[in-house]
1. Taking the criterion of being part of a helix (DSSP H, G or I) and among the small types (Gly, Ala, Ser), would at least one residue in the stretch 195-217 satisfy it?
2. Would you check if GLN306 is open to solvent by 50 Å² or more (accessible area, probe 1.4 Å) and either at pLDDT below 95 or under 22 Å from ASN26 (Cα atoms) (or both)?
3. Identify all residues within the stretch 240-257 that are modelled with pLDDT of 95 or more and either open to solvent by 30 Å² or more (accessible area, probe 1.4 Å) or within 16 Å of the ligand (Cβ to nearest atom) (or both); write none if there are none.
4. Mind checking which residues of the stretch 159-183 are among the aliphatic types (A, V, I, L, M) and surrounded by fewer than 24 Cβ atoms within 10 Å (Cβ to Cβ)?
5. Out of all the residues in the stretch 131-138, is one or more assigned to a loop (DSSP other than H, G, I, E, B), of a type in the set (Ser, Thr, Tyr) and more than 16 Å from the ligand (Cβ to nearest atom)?
6. Looking only at the stretch 224-237, how many residues end up being touching a residue at least 60 places away in the same chain (Cβ under 8 Å) and open to solvent by 10 Å² or more (accessible area, probe 1.4 Å)?
7. Test LEU48 against the criterion of being open to solvent by less than 30 Å² (accessible area, probe 1.4 Å) and out of contact with any Phe, Trp or Tyr (no Cβ under 7 Å at 6 or more places or on another chain), and give yes or no.
8. Which residue out of GLU35, GLU73, GLU78, GLU95 is surrounded by 15 or more Cβ atoms within 10 Å (Cβ to Cβ) and more than 16 Å from the ligand (Cβ to nearest atom)?
Amino acid sequence: MKKYTSVKDVANVEELVNEALHLKQNPYKYKHLGENKTLGLIFLNPSLRTRLSTQKAALNLGMNVMVMNLDKEGWALETQEGAIMNGTTVEHIKEAAGVMGAYCDILGIRSFPKLQNRDEDYNEELLQQFIEYSGIPIVSLESATRHPLQSLADLVTITENKATGKKPKVVLTWAPHVKAIPQCVANSFAEWMGQANVELVVTHPEGYELAEEFTENAIVTTNQDEALQNADFVYVKNWSSYNDYGKVLTEGAGWMMTDNKLALTNNAKVMHCLPVRRNVELNDEILDGQNSLVLQQANNRTYAAQAVLKRMLEAL
Ligand code: CP
């Protein structure tokens with residue numbers, strides 16, 4: 001595997017899920033695979049889970065890890081081709097990524113969208129430039145449009161919890177939030193579920209339609225109660241508008257996932273990528289109750305990352 005930026009980079013999704021499950025049972029089986037190899041983790045945005053779980057995954061494989069908060073600790077990056085750099089930017093991404101490629105064997109990049117210009121965000125300019133100029137395998141730690149390590153961990157978690165012999169009904173439901181949130185997690189979850197053996201329903205208020213490329217295998221409805229009927233898994237997430245790009249269109253009264261809504265489901269397991277706004281997106285009772293899978297999801301982030309890093313190390 002040379003890059004991991006979306007489900008499209010995965011030749012066989014089921015095999016990768018099984019690899020992650022195998023690594024969960026045998027985390028140190030390949031502890032020599034990453035000997036003398038270095039993973040660089042570059043963050044332009046905050047992180048708890050992605051940072052720690054990917055670092056742990058690399059350590060389980062015997063890799064060295066370097067972590068840098070590039071937004072705070074690095075030089076201001078220029079990304080425009082042909083720029084005359086007489087302003088605030090100090091270093092061009094051509095040199096910065098090239099240098100990182102010389103120091104590391106695999107590079108992880110987190111770069112959120114700015115939510116100002118849809119084309120700029122959805123072109124994934126920064127991620128593409130890191131791929132081009134670093135010259136080494138790149139793992140997305142959440143980009144402008146997707147969060148593939150999260151989605152793999154989510155699918156691993158669903159695989160662990162689904163009833164045998166039944167195609168699970170999985171509902172991705174929009175939830176309220178206090179600020180504009182990217183579409184990445186929702187896009188990515190829908191895209192991965194589209195490649196899995198599940199029935200996917202996406203529900204959100206009017207105006208929160210995701211880009212069609214992500215939901216082409218889903219039933220999409222603005223009726224949350226109807227969507228939740230007989231659900232086996234409910235994935236709760238806020239996102240801002242794609243069509244009215246980056247805007248918050250409604251406070252979303254009535255869209256918070258609560259016990260009453262859970263009662264509509266098939267005793268569904270409830271998922272969230274975290275961090276979660278308690279009693280805004282999801283109520284305390286669900287998060288503290290037996291239906292919540294949020295900590296299991298977070299734990300599975302390690303084995304999802306480990307499966308991806310293992311494939312990359314094997315291909316070096
Ligand atoms: N779910 C997730 O990516 O968490 P962090 O933003 O804390 O890494």
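1. no
2. So GLN306 fails the test.
3. Of everything in the stretch 240-257, those that are modelled with pLDDT of 95 or more and either open to solvent by 30 Å² or more (accessible area, probe 1.4 Å) or within 16 Å of the ligand (Cβ to nearest atom) (or both) turn out to be TYR242, ASN243, ASP244, LYS247, VAL248, LEU249, GLY254, TRP255, MET256.
4. ALA163, ALA175, VAL178, ALA180, ILE181, listed by residue number.
5. So far as the stretch 131-138 goes, no, none of its residues is assigned to a loop (DSSP other than H, G, I, E, B), of a type in the set (Ser, Thr, Tyr) and more than 16 Å from the ligand (Cβ to nearest atom).
6. Residues that pass the stated criteria total 3.
7. The answer is no for LEU48.
8. Answer to the check: GLU78.
The values are calculated or read from the model by the stated rules, or taken from the named source; none is laboratory data. Treat the numbers as computed from the prediction; the structure is a model and nothing was measured. With ideal geometry, Cβ positions are generated from the backbone for all residues, glycine too; neighbour counts draw on all protein chains shown. Only protein heavy atoms, including side chains, enter the accessible area calculation; ligands, DNA and RNA are left aside. Shrake-Rupley method; radii C 1.70, N 1.55, O 1.52, S 1.80 Å.
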